[in-house]
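**Student:** Input: one structure, supplied below.
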Amino acid sequence: MGGYRIQVDVEATRNWYDLYGEPAGGCDCAYCRNFTAAVETLPPEVGNFLARLGLDLRRPGDASECGPAEGGRLYTPLWHLAGRLLEEGEGPLLLAQGVKAWFATGQGPFLRDFPEPFFQCGLELTLPWVLAEPEP
């Protein structure tokens, strides 16, 4: 994947998220509820990319909201993957217009009982505010 070489145990990753994964990492603040609703506006290739890794776009381990951005709010959701990052790329992967992906190590372990070894997949994206309530 780009300059990244990864080894993923898709079944172990999917099984963990099926057991423990929650929308927006379990947070129910307005920003995270917006994340869960607004990811439906992303092009299908973003969800397809994550699904191939055993991940669900709506259920990251963490869905950090980073402030206002042109077109909405900037988010940097993060997922853990069972497996190994064998070679780091030289920059993010462009999944769709305005949606970048990257792989890294050392971003946790903050997920209980996650299989080892593991590494992370993160996205950087801007989502519109889609909730009926105003932005906080």
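The values are calculated or read from the model by the stated rules, or taken from the named source; none is laboratory data. These numbers were taken from a predicted model, which means no experiment stands behind them. Every residue, glycine as well, gets a Cβ built from its backbone with ideal geometry; the counts of neighbours run over all protein chains shown. SASA here: full protein model, heavy atoms, side chains in, ligands and nucleic acids out. Shrake-Rupley method; radii C 1.70, N 1.55, O 1.52, S 1.80 Å.
**Student:** For the stretch 16-28, which residues satisfy the criterion of being open to solvent by 30 Å² or more (accessible area, probe 1.4 Å) and either among the hydroxyl-bearing types (Ser, Thr, Tyr) or free of Cβ contacts under 8 Å to residues at least 24 places away in the same chain (or both)? Reasoning before the result, please.
**Tutor:** Step one: list which residues in the stretch 16-28 are open to solvent by 30 Å² or more (accessible area, probe 1.4 Å), which gives 18-20, 22-23, 25-28.
Matches in the stretch 16-28: Asp18, Leu19, Tyr20, Gly26, Asp28.
**Student:** Given Ala37, Ala69, which one is small (Gly, Ala, Ser), surrounded by fewer than 20 Cβ atoms within 10 Å (Cβ to Cβ) and out of contact with any strand residue (DSSP E or B) (no Cβ under 8 Å at 6 or more places or on another chain)? Working first, answer last.
**Tutor:** Working: Ala69 fails: out of contact with any strand residue (DSSP E or B) (no Cβ under 8 Å at 6 or more places or on another chain).
Result of the check over Ala37, Ala69: Ala37.
**Student:** Going by the structure shown, is Pro115 touching a Ser or Thr at 6+ places or on another chain (Cβ under 9 Å), under 17 Å from Ile6 (Cα atoms) and either open to solvent by 60 Å² or more (accessible area, probe 1.4 Å) or at pLDDT below 95 (or both)?
**Tutor:** Numbers: touching a Ser or Thr at 6+ places or on another chain (Cβ under 9 Å): yes; under 17 Å from Ile6 (Cα atoms): yes; either open to solvent by 60 Å² or more (accessible area, probe 1.4 Å) or at pLDDT below 95 (or both): yes.
When the stated conditions are applied, Pro115 passes them.
**Student:** Residues that are touching a residue at least 24 places away in the same chain (Cβ under 8 Å), touching a Lys or Arg at 6+ places or on another chain (Cβ under 9 Å), over 20 Å from Ile6 (Cα atoms) and open to solvent by 20 Å² or more (accessible area, probe 1.4 Å): does the stretch 80-101 have at least one?
**Tutor:** no
**Student:** Taking Asp56, is it in contact with a helix residue (DSSP H, G or I) (Cβ under 7 Å, 6 or more places away or on another chain), within 20 Å of Leu111 (Cα to Cα), surrounded by fewer than 19 Cβ atoms within 10 Å (Cβ to Cβ) and among the acidic types (Asp, Glu)? It would help to see each step written out before you state the result.
**Tutor:** Numbers: in contact with a helix residue (DSSP H, G or I) (Cβ under 7 Å, 6 or more places away or on another chain): yes; within 20 Å of Leu111 (Cα to Cα): yes; surrounded by fewer than 19 Cβ atoms within 10 Å (Cβ to Cβ): yes; among the acidic types (Asp, Glu): yes.
Yes.
**Student:** Of all residues in the stretch 39-83 being among the small types (Gly, Ala, Ser) and under 27 Å from Asn15 (Cβ atoms), which is farthest from the chain's Cα centre (by Cα)? Talk me through it step by step, then tell me what you get.
**Tutor:** Pass one, the stretch 39-83, residues among the small types (Gly, Ala, Ser): 47, 51, 54, 61, 63-64, 67, 69, 71-72, 82-83.
Next cut, under 27 Å from Asn15 (Cβ atoms) only: 47, 51, 54, 61, 63-64, 82-83.
On the way: Gly47: 10, Ala51: 11, Gly54: 11, Gly61: 7, Ala63: 7, Ser64: 10, Ala82: 14, Gly83: 16 Å.
Checked the stretch 39-83; the qualifying residue farthest from the chain's Cα centre (by Cα) is Gly83.
**Student:** Here is a follow-up. In the stretch 121-129, is there at least one residue being open to solvent by 10 Å² or more (accessible area, probe 1.4 Å) and of a type in the set (Phe, Trp, Tyr)?
**Tutor:** Here is the first cut: in the stretch 121-129, the residues open to solvent by 10 Å² or more (accessible area, probe 1.4 Å) are 124, 126, 128-129.
Now drop any that are not of a type in the set (Phe, Trp, Tyr), which leaves 129.
Yes, the conditions are met somewhere in the stretch 121-129.
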